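Encoded as structure tokens, the structure appears first; notes follow it.
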Amino acid sequence: MDKRYSHSIESKWQDFWLKSNIYRFNKGNIGKKPLYVIDSPPPFTSGKLHMGHVLSYSYFDFAARYKRMRGFEVLYPQGWDAQGFPTEVKVEKKYGRLKPDEFRKKCVEWSWEMIKRMKEGMIKLGFSPDWSLEYITMLPEYHKLVQESIIEMYEKGYIYRDKHPVLWCPRCKSAIAKAETEEKEEETELYYFNFFVDDKPLTIASTRPELLHACVAVLVHPEDERYSEIIGKKAKTPFGKEVPIIDENEVDKEFGTGAVMLCTYGDKMDVVWQKRHNLPVIQALDERGRVINSPFYDGLNYKEARKKVVEFLEEKGLLVKKDRIKHVVKVHDRCKHEVELLPSMEWFARVRENSDKIKEMAKEIKWVPEFGIHYLIDWLEHIDWDWVISRDRIFGTPIPFYVCECGHYEPVKKEELPFYPEKAKPRKCPKCGKEMKPENKVFDVWVDSSITPLVVSGWKKDEELFKHAYPTTLRPQGVEIVRTWAFYTIFRSGVALTGKKPWDTILLNGNVLAPDGRKMSKSLGNVIDPMELIKEYPVDAIRQWAAMSGAMAKDRPFSYEDIRFAKQFLNKYWNAFRFVEKFMKENSNEFNFNELRTVDRWIITRTSQVIEEITNAMENYDYRKAITTFHHFFWYELCDYYLEYVKWRVYSEGIERDKAIYTLKKVLYALNKLFAPIAPHITEEIYHSIFGAPEGKSIHLTKWPEPFEKDEAIVEDLKVANEIMRRIREYKARNRMPMNAEIEKAILYTNRDLKDVVEDIKRTGKIKELIVKHGELNIEFL
RNA sequence: GGGCCCGUAGUCGAGUUGGCUAAGACGCCACCCUUACAAGGUGGAGAUCCCAGGUUCGAAUCCUGGCGGGCCCACCA
């Protein structure tokens, strides 16, 4: 063995694993071995792995490696979530504006490069997916599955097309996503003006009087005494239009006058309320932000229109007062123009009316930790409208539909998939006979990623595999995307497409914060790059850090203390094996448990207990427990005591030596396997260099250890013996003696029968004469 | 405003079906090169378990109410 454990050892095994393909999923084992299917997260192809990836991916890599050793056939794919807005931004920055198909080509190119980088990082971190099972959401085969899944959902009645308000930038003349908006606080006027109910004035307050023409209702709180008798009546707007007065719980009684005019659309609450109360929509602005459908101010922008309307109200004597208030407006992040809500034709999936089914299915899944399900249930109970699955983007999966100006729409034939609008065959509308248009929009990226459990288990591709591999076993993911990834997956893969839960278990991890407890962010300059970390710490130390961070869906600061400790542990581990190396290579006799010395039976018993504890922890995804149990046992029992007890024997000759070597082999061989899922490199190295594994064999394909014989009474005896050893060391330390200094004579008092352990104590402590007397535990040095 | 999580040495944290002297790590102090390991060993100092009540023979743990922190969602027309 080398004197030190090094990076070159780790990369040597990474190469070996890749070349020997040991993680390949073997379909031939279906029916022979139980399956363990991981619906592993496809990372967004940003090109950079971050500490969150390291944490989360380490968890299910532990699971994969452990389950393989438990005799499961593990299906562990690696996907890539390649499509989406951030890529478009990067590509546009680099190449400027291009034609859609050229632009898409550049996006694909760029994504391949990012995938390459991330894949290298994953290999360096020792992850063990089957790389032949890679899937990439931007590829035609993946598009086909997404499109097929949506057409199937359409046929089952889950998908529809309708007018829906979207965030719109009037300056860029484009729909934008919520993520592309910024908030800006500004001062504005709050106008108070009168509507009339039965000729009595009703004052309402609004910051946007220019939308008055698109007012479709007045809302008041049901428990507001000021308005209790007018609920259900009609209110007349200053333009003479009659609108209903409706009670609505979410109206704030304290703001303004407590009466809200609902316009389509002033802000997001207008959208919610309009849908909730089934009100008509009057489009107030066109795509350039100019007023339409108004009595006398069409064509003006909102500022000019506002002035006109306020003048009108003043002239009519309807303006009561105005206040200056501060409020927040959304602006487009790139042009800083104020964002409007405009109705637009979009595609929808019916999540609202299926929320109970989604909830029921979520309850069939095991959530680790259990409270994780609250995030989903809470979300389900507050869904305001259906999922808008369409986007006006380019780098996305095309929506496989034809639409006609008469309003009719129908899906592409399944044999024509994957569908791309620029290559679409012409089609006549069966309703009006006109030429239909292929839809140009693309899907929201969550549409892509919400069928991953289907994709990995062979849906529509390999019926035999699918039958066995779905539902999948494990979905690992971050807690912050329960409301998106988990929710959409349960809805699509589960409720809508198969009727079966997508996974048995969902394992949630939290985020990695910076060591200072704040979020890692470029602007704070506290980002830790795993690829930098890897230069300073062995991968097996980084993976121990991940295990120590705990599987809870809880944010946790990154800890240099933990990772340093992990590195030191590897050093301790390495040196312990260097100590036993020469003995391990000797042929030794076999012994029965009862023939062994007490200390041998003790360490075997303790190892058995540790095997049970760690197995149990691994089963429950409690990696923190598994790793800390291992650390403590290995360092503070095995190294601190057993390896010391055994020295006098291994450096002499005879049967007691053979027993020690037999025990060391048995115990260390098992322990090295226990450590293998978390520290795959060092354990592989030791498996080969110490235990003489055959060429081409891997520890990761060996059997997980079973507990050995146990004699639990001995554990108590050794607690006494270890305490005596501790006191001997203390005595030597206090007297400034080296640990190997000899002691002439000592008297050991104990109530237990320590049998042959007395000899081990005497030899290990280098006491020439040790007298044992009955009495309270103590040792006197003479 | 709603929901969830959390509060234990200087720091990070285990322990929370109520029951030994409240683990362990990092850091700190003192000592020790000892044929695996100074990236080690031995010893030591350091905690009103956020606060206040309650239940109990007994509370870090259970209940109630505060205070403090974090996350997610919503948000003023």
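The values are calculated or read from the model by the stated rules, or taken from the named source; none is laboratory data. Here the structure is a predicted model, which is why all the values come from computation and not from measurement. Using ideal geometry, Cβ is built from the backbone for each residue, glycine included, and neighbour counts are taken over all protein chains shown. Only protein heavy atoms, including side chains, enter the accessible area calculation; ligands, DNA and RNA are left aside. Shrake-Rupley method; radii C 1.70, N 1.55, O 1.52, S 1.80 Å.
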Original post:
Of A:Lys94/A:Lys303; A:Lys582/A:Lys768; A:Lys307/A:Lys330, which sit over 32 Å apart, Cα to Cα?
Top reply: A:Lys94/A:Lys303
Original post:
What full-extension length gain, to one decimal in nm, is calculated for A:Glu769 and A:Val89 as 0.36 nm per residue of separation minus the Cα-Cα distance?
Top reply: 236.8 nm
Subject >> On Cα atoms only, tilt of A:598-619 relative to the major axis of chain A in degrees >> reply: 10 degrees
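Would you please put A:348-359, A:66-77, A:125-136, A:763-774 in order of how densely packed they are, using the mean number of other Cβ atoms within 10 angstrom per residue and starting with the highest? Please list the in-between numbers first.
Working: A:348-359: 17.3, A:66-77: 21.9, A:125-136: 19.6, A:763-774: 15.5.
Top of the packing list down: A:66-77, A:125-136, A:348-359, A:763-774.
Tell me, what is the FRET efficiency for A:Asp711 and A:Arg752 to the nearest 0.05, using R0 = 22 angstrom and their Cβ-Cβ distance as r? Intermediate results must be reported in sequence, preceding the final value.
Details: r = 14 Å, r/R0 = 0.64.
The formula returns an efficiency of 0.95 here.
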Original post:
So, in nm, how far is label A:Lys357 from label A:Glu120 when the simple model puts each one 7 Å beyond its Cα toward the Cβ?
Top reply: 4.7 nm
Subject >> Descending Cα extents along the principal axes, chain A, whole Å >> reply: 114, 59, 45
Original post:
Using only helices, what value at 222 nm comes out for chain A when you add -39,500 (n - 2.57) per DSSP H run of length 4 or more and divide by the total residues, to the nearest 500 deg cm²/dmol?
Top reply: -11500 deg cm²/dmol
Subject >> Accessible area expressed per residue, region A:332-391, with surrounding protein chains retained (probe 1.4 Å, Å²) >> reply: 49 Å²
**OP:** Could you estimate the translational diffusion coefficient of region A:60-175 from the Stokes-Einstein equation, with Rh from the Kirkwood formula over C-alpha pairs, at 4 °C and 1.567 mPa s, in whole µm²/s?
**Re:** 73 µm²/s
**OP:** Using only Cα atoms, locate the centre of region A:473-525 and the centre of region A:342-359, then give the distance between them in Å, rounded to an integer.
**Re:** 21 Å
Subject >> Residue-normalised accessible area of region A:1-158, expressed per residue, 1.4 Å probe, Å² >> reply: 43 Å²
**OP:** Just subtract the alpha-carbon distance of A:Leu524 and A:Lys3 from 0.36 nm times their residue separation and send over the number in nm, one decimal.
**Re:** 183.5 nm
Original post:
Say a paramagnetic label sat at a point 7 Å from the Cα of A:Glu134, along Cα to Cβ; which residues of region A:90-123 have their backbone N under 16 Å from it?
Top reply: A:108-123
**OP:** Determine the gain in length on full extension of the stretch A:Asn620-A:Glu364; use 0.36 nm per residue of separation and subtract their C-alpha separation, reporting nm with one decimal.
**Re:** 90.4 nm
Original post:
Amide H to amide H, which residues 5 or more places from A:Arg70 or on other chains are under 5 Å from it, using H placed in the peptide plane?
Top reply: A:Trp704
**OP:** Find the percent of Cα-Cα distances in region A:431-533 that exceed 17 Å, and round it to a whole number.
**Re:** 66 percent
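Do any GluC sites (Glu not before Pro) in region A:620-712 lie in a DSSP loop with no more than 14 other beta carbon atoms within 10 Å, and if so, which? Mind showing how you got there, number by number?
On the way: sites: A:Glu637, A:Glu644, A:Glu653, A:Glu656, A:Glu684, A:Glu685, A:Glu695, A:Glu709, A:Glu712; in loops: A:Glu653, A:Glu695, A:Glu709.
Sites meeting the loop and neighbour criteria: A:Glu653, A:Glu695, A:Glu709.
Step by step: find N for region A:698-750, compute 2.2 N^0.38 Å, then divide the Cα radius of gyration by it. What's the final number? Don't skip to the answer; put the middle values down first.
Working: Rg = 18.4 Å, N = 53, 2.2 N^0.38 = 9.9 Å.
With N residues counted in region A:698-750, Rg over 2.2 N^0.38 Å equals 1.85.
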Original post:
Over what distance in Å are the Cα centres of region A:232-286 and region A:673-738 separated?
Top reply: 72 Å
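Evaluate 2.2 N^0.38 Å with N set to the residue count of region A:458-517, then give the Cα radius of gyration divided by it. Intermediate values should be presented prior to the final figure.
Details: Rg = 14.6 Å, N = 60, 2.2 N^0.38 = 10.4 Å.
So the Cα radius of gyration is 1.40 times the expected 2.2 N^0.38 Å.
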**OP:** State, as an integer percentage, the relative contact order of chain A based on alpha-carbon contacts under 8 Å between residues 6 or more apart.
**Re:** 14 percent
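Calculate the FRET efficiency for A:Glu730 and A:Ser559 from the Cβ-Cβ distance with a Förster distance of 35 Å, rounded to the nearest 0.05. Write down the numbers at each step before the final one.
Values: r = 31 Å, r/R0 = 0.89.
Approximately 0.65, to the nearest 0.05.
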Original post:
Does anything in region A:579-620 have its amide N under 13 Å from the 7 Å Cα→Cβ label point of A:Glu653, and if so which residues?
Top reply: none
**OP:** Obtain the nm distance between the two label points defined at A:Lys585 and A:Glu695 by a simple spin-label model: each point lies 7 Å from its Cα along the Cα-to-C-beta direction.
**Re:** 1.8 nm
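Given a Förster distance of 35 angstrom, what is the FRET efficiency for A:Lys156 paired with A:Asn249, based on the Cβ-Cβ distance and rounded to 0.05?
Working: r = 33 Å, r/R0 = 0.96.
Using R0 = 35 Å, I get an efficiency of 0.55.
Quick check on packing: order A:35-47, A:144-156 by the mean number of other C-beta atoms within 10 Å, highest mean leading. Before the final figure, lay out the partial values.
On the way: A:35-47: 22.7, A:144-156: 19.8.
In descending order of packing, they fall as A:35-47, A:144-156.
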Subject >> Share, in percent, of DSSP beta bridges within chain A that are antiparallel, nearest 5 >> reply: 65 percent
Original post:
So what does log10 I(q)/I(0) come out to for region A:304-371 at q = 0.11, 0.18, 0.26 Å⁻¹, using the Debye formula with one equal point on every Cα and no solvent?
Top reply: -0.70, -0.94, -1.16
**OP:** Have a look at region A:574-714 and give its Rg and Dmax from the Cα atoms, expressed in angstrom.
**Re:** 14.7, 45
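Before I look further, what does region A:500-613 give for accessible area per residue, probe 1.4 Å, in whole square angstrom?
Numbers: 4870 Å² over 114 residues.
Heavy-atom SASA per residue in region A:500-613 reads 43 Å².
For region A:344-470, compute the orientation-averaged projected area of the C-alpha convex hull (one quarter of its surface), in nm².
Numbers: hull surface 41.9 nm².
Taking a quarter of the hull surface, the average projection is 10.5 nm².
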Original post:
Expressed as a rounded percentage, what relative contact order does region A:483-617 have, with Cα pairs under 8 Å and six or more residues apart?
Top reply: 20 percent
Original post:
What span do the alpha-carbon atoms of region A:512-566 cover on each of the three principal axes, reported in whole Å from largest to smallest?
Top reply: 30, 27, 15
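Whenever you get a sec, compute what percent of the accessible area on chain A sits on carbon and sulfur atoms (1.4 Å probe).
Working: 16830 of 35020 Å².
About 48 percent, which is the carbon plus sulfur part of the accessible surface.
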**OP:** Name the cysteines of chain A that stand alone by the Cβ rule: no other cysteine Cβ under 4.7 angstrom.
**Re:** A:Cys107, A:Cys215, A:Cys263, A:Cys335, A:Cys639
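On a 29 Å Cα-Cα criterion, which of the cross-link pairs A:Lys414/A:Lys434; A:Lys535/A:Lys665; A:Lys413/A:Lys461; A:Lys173/A:Lys234; A:Lys173/A:Lys253; A:Lys268/A:Lys336 come out too long? Let's see the in-between values first.
Details: A:Lys414/A:Lys434 22 Å; A:Lys535/A:Lys665 33 Å; A:Lys413/A:Lys461 18 Å; A:Lys173/A:Lys234 36 Å; A:Lys173/A:Lys253 36 Å; A:Lys268/A:Lys336 19 Å.
The answer is A:Lys535/A:Lys665; A:Lys173/A:Lys234; A:Lys173/A:Lys253.
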